[in-house]
Structures are given as structure tokens and as C-alpha cells.
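Every read-out reported here was derived from the displayed coordinates using simple, explicitly stated rules and does not represent laboratory data. All values derive from a computational prediction rather than experimental measurement. Cβ placement follows ideal geometry from the backbone for every residue including glycine, while neighbour counts extend to all protein chains displayed.
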Amino acid sequence: MSSMIAVEILAAERKRCDAMLANDNEALDALLDERLQFSHATGAVDDKPAYLAKMAAGRIVYTSIDWSEGTVIALGDEAALLTGRMVNSVTVEGAEKQLKNRVITAWAKSDGEWRLVAFQSTPLKD
């Protein structure tokens with residue numbers, strides 16, 4: 001069962017990244033849990049409405065998202081963690097940045113679909 005969960009979580013994360021790159025708030029909304037806690041590498045934390053508002057307003061614009069070292073840890077049939085490294089090219093409040101982070105995400109199944117419940121990133125030094 002855990003190998004199937006890994007496939008499903010990686011597919012859900014790919015959809016999330018694609019939605020972020022396309023700035024598709026409708027698709028992103030469907031992938032984010034109502035309980036979302038999105039902890040940015042700066043220490044700022046957004047709930048779902050705040051994160052979606054930033055995306056919709058163009059305050060955060062992703063131009064590339066590259067995952068590596070992705071590991072899925074099933075926590076049961078309806079919960080899992082995805083950990084790894086992310087390198088993102090992003091414009092935040094008009095400033096272009098390249099973010100290199102260690103990331104942990106928490107996913108839960110709701111109404112038969114995987115949704116992101118928590119995101120935490122930690123900056124990596126070059």
C-alpha cells in the first residue's frame with residue numbers, strides 16, 4: 001500500500017507545482033487543505049486564504065520548481081509526508097530570487113483526494 005501512496009503523493013505534488021508555475025489558483029485551491037499552514041523559508045506562515053491571495057495578486061510568481069531527493073513516508077492510508085530538496089526560481093514582491101531549500105510537506109486524504117496540509121522549508125547554504 002505504501003508504494004501506491006508514494007505514487008499518489010508524487011502525482012499530487014507534481015500537480016501542485018504545475019498549478020504554482022501556471023499561477024492557476026483554481027487548481028491550487030483544489031490541492032490545498034483548508035487547514036493549510038505554509039511556512040516560508042523566511043519564517044512567515046500563511047494559511048490557505050493568505051497563500052492563495054498572494055498567488056492571485058502576483059506577489060509570488062514561480063518560474064521554475066525543481067525537486068530532488070524526494071522521499072514519501074506513509075503515515076497510514078490517508079496521511080503522508082514528502083521530504084526532499086527544492087530549488088525554485090521565483091519573483092517575490094517584484095524581486096527575483098533563487099531559493100534552495102530542504103522541504104517537508106504533509107499530505108492528507110480528504111474526500112478521496114490528497115491535499116497539502118503543511119509545507120515547511122529551510123534554506124540551504126550553497
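Given charges of +1 on the Cβ of Lys and Arg and -1 on the Cβ of Asp and Glu, with all other atoms neutral, how large is the dipole of the chain about its Cα centre, in debye to the nearest 20? Intermediate values should be presented prior to the final figure.
Numbers: 14 positive and 19 negative charges, 92 e Å.
It works out to roughly 440 debye.
For a 19 Å ceiling on Cα separation, which of these pairs sit above it: K48/K109; K54/K125; K15/K109; K54/K100? All intermediate terms of the calculation are to be shown ahead of the outcome.
On the way: K48/K109 16 Å; K54/K125 26 Å; K15/K109 15 Å; K54/K100 21 Å.
Too far apart for the 19 Å limit: K54/K125; K54/K100.
What do you get for trypsin sites (Lys or Arg not before Pro) in region 75-126 restricted to DSSP loop and a cutoff of at most 15 other Cβ within 10 Å of the site's Cβ?
On the way: sites: R85, K97, K100, R102, K109, R115, K125; in loops: K125.
Taking region 75-126 and a limit of 15 other Cβ atoms within 10 Å, the loop trypsin sites (Lys or Arg not before Pro) found are K125.
Before anything else, pin down the relative contact order of the chain: Cα pairs under 8 Å, at least 6 apart, normalised by residue count, whole percent.
Values: 248 pairs, mean separation 32.4, N = 126.
Once normalised by length, the contact order is 26 percent.
For the chain, what is the mean residue ellipticity at 222 nm derived from helices alone (per DSSP H run of n ≥ 4: -39500 (n - 2.57); sum divided by total residues; nearest 500 deg cm²/dmol)?
Numbers: 3 runs with 37 residues, N = 126.
Helix contribution divided over all residues of the chain: -9000 deg cm²/dmol.
Round to the nearest 0.05 the FRET efficiency obtained for W67 and K97 when R0 = 22 Å and r is the Cβ-Cβ distance. Don't jump to the answer; show the numbers that get you there.
Working: r = 18 Å, r/R0 = 0.80.
With R0 = 22 Å, the Cβ-Cβ based efficiency is 0.80.
Could you give the nm distance between label points at E34 and A56, where each point is 7 Å from its Cα heading toward the beta carbon?
Inter-label distance under the simple model: 1.7 nm.
Going out from 0 in 10 Å bins, what whole percent of all Cα-Cα distances in the chain drops into each bin?
Using 10 Å bins, I get a P(r) of 13, 47, 33, 6, 0 for the chain.
Springs between alpha-carbon atoms under 10 Å, Gaussian network over the chain: tell me which of A108, A79, A53 tops the mean-square fluctuations.
A53
I'd like the FRET efficiency for V87 and D47, computed as 1/(1 + (r/R0)^6) with the beta carbon distance as r and R0 of 25 Å, rounded to 0.05. Provide the component values of the computation, followed by the final result.
Values: r = 26 Å, r/R0 = 1.03.
E between V87 and D47, to the nearest 0.05, is 0.45.
Tell me the angle of helix 2-22 to the major Cα principal axis of the chain, expressed in degrees between 0 and 90 and rounded to the nearest ten.
20
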